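Working notes for the structure below.
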Amino acid sequence: MGTIVGAALVSHHPGLMQCEEFRVLQGAGADSDLIAGYARLRERIAAARPDVVVIFDSHWFTTGYHMVDGAARYQGTYISDEMPWYLSGVPYDYRGHPALALQIEAVSREQGGYNRVINHPDLGKQYATINLVKHLRLEHANLPVVTVSSCQNCGWQHFLKSGEAIGEAIRRSGDLRVLLLASGALSHKFNAIDWKPNHPRIFHESNVSRPENIDSDKNAIELLKQGRHDTVLERWDDEYRRLPWEAFGAHYLQMVGALGGADCRAKGEQLSAYENARGTGNVHMWFGA
């Protein structure tokens, strides 16, 4: 039986792809702790020994279906249409896992869900996938990557259902060892273009867009540390959907759906400081098997 050997909520914000010199300048002499957090996460991944990585991509917006990329290989040079002035010219070359992608669609159809496979090597990529492939060195490890989209006309229950099908597909996959990565932020309200920092270290948490977002994000982090995913889900409509979390929390919801939904009690280990990125709240958290 296939197994989920680990999962993580991971920041992908594009500022982390800038050169160290510029990041330290932004950090008033200190680099983002999310960079050091990637190294901590790489250690957890190496110990988990996955055969394949599933990335829930909060930037790959689709309509009508949760899409699953199912080609055997992806190669190209990435340029961000959002921030092309510095996130450009990024080469990538990594393997996919068609068999797992097809199994996900088969289970989803069986369950009446909406996960569907797109099997095309020229499918464009988003930096929520590419930045993790680079920072976590998945290419160097020769680990296959399967990316799952955020379907923009879905409610939170649909994302849980999508994850549930993915979890079942993994169980039916034979002996695959699978790592889940929820790629995205918590609260996702940007600061205005003419905003002035509250703290000289731009990554500092006090530069997150609103005090209530900081409080809510930190409360969510504490609940995740306790493994109280049920409480997070109970509060979803009244709190986290209204902040909102990035992609309305699709990345987290699909991950936790695969881990058992409201029954999941996987405790989170915080692997980075809680930090700002243009007003959004970011953190790395590891959920062991």
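The values are calculated or read from the model by the stated rules, or taken from the named source; none is laboratory data. Small disclaimer: the values here were computed from a predicted structure and weren't measured. Please note: Cβ atoms are built from the backbone with ideal geometry, for glycine as well, and neighbour counts cover all protein chains shown.
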Here the qualifying pairs (Cβ atoms under 6 Å; residues six or more apart or on different chains; first in segment 182-196 and touching a residue at least 40 places away in the same chain (Cβ under 8 Å) and part of a loop (DSSP other than H, G, I, E, B); second of a type in the set (Val, Ile, Thr) and surrounded by fewer than 18 Cβ atoms within 10 Å (Cβ to Cβ)) come out as none
What number of residues in segment 220-277 are small (Gly, Ala, Ser) and assigned to a helix (DSSP H, G or I)?
8
Can you tell me which residue among SER206, SER216 is surrounded by fewer than 18 Cβ atoms within 10 Å (Cβ to Cβ), part of a helix (DSSP H, G or I) and touching a strand residue (DSSP E or B) at 6+ places or on another chain (Cβ under 8 Å)?
SER206
Examine segment 17-35 for a residue that is touching a strand residue (DSSP E or B) at 6+ places or on another chain (Cβ under 9 Å), at pLDDT below 95, surrounded by fewer than 21 Cβ atoms within 10 Å (Cβ to Cβ) and part of a helix (DSSP H, G or I), and state whether such a residue exists.
yes
Run MET17 past the list (1) out of contact with any Lys or Arg (no Cβ under 8 Å at 6 or more places or on another chain); (2) more than 21 Å from GLY288 (Cα to Cα) and report the number of the one that doesn't hold.
(1)
Candidates ALA266, ALA247 - the one that is among the small types (Gly, Ala, Ser) and under 26 Å from ARG23 (Cα atoms)
ALA247
Filter the strands (runs of 3 or more DSSP E) completely within segment 44-157 down to those with at least 1 residues that are crowded, with 20+ Cβ neighbours inside 10 Å, in contact with a Cys (Cβ under 8 Å, 6 or more places away or on another chain) and not polar (S, T, N, Q).
66-69
